Amino acid sequence: MAVTFQRNIGMLLLAVWLILYGLAGMIALVLPAPLMAVLALLTGILILVGR
């Protein structure tokens, strides 16, 4: 079974953000708040733009 990769960078960033956010909650993974905020902001903008 092949996995198709869609070139939607907004959804890709959303997936990365969700994974990092989930890991930070499950284990004591300390990520800088500004990094997560910038990643979330970029993700939302790119999803709204449709990229």
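The values are calculated or read from the model by the stated rules, or taken from the named source; none is laboratory data. Because the structure is predicted, anything quoted here is derived from the model rather than measured. Here Cβ is always computed from backbone atoms with ideal geometry, including for glycine, and neighbour counts include all displayed protein chains.
When residue 13 is tested against the conditions (1) modelled with pLDDT of 75 or more; (2) over 12 Å from the mean Cα position of the chain (by Cα), the lone failure is (2).
A search for C-beta distances below 8 Å between a residue of region 22-51 that is among the polar types (S, T, N, Q) and any residue that is surrounded by 10 or more Cβ atoms within 10 Å (Cβ to Cβ) and not in a loop (DSSP other than H, G, I, E, B), counting only pairs 6+ apart in sequence or on different chains, returns 43/10; 43/13; 43/14; 43/17. Name the residue that is surrounded by the fewest Cβ atoms within 10 Å (Cβ to Cβ), counting only residues in region 37-51 that are small (Gly, Ala, Ser) and under 19 Å from residue 24 (Cβ atoms). Of everything passing the filter in region 37-51, 37 is surrounded by the fewest Cβ atoms within 10 Å (Cβ to Cβ). Only one entry in 37, 28 is out of contact with any Ser or Thr (no Cβ under 7 Å at 6 or more places or on another chain), modelled with pLDDT under 80 and among the hydrophobic types (A, V, I, L, M, F, W, C), namely 28.
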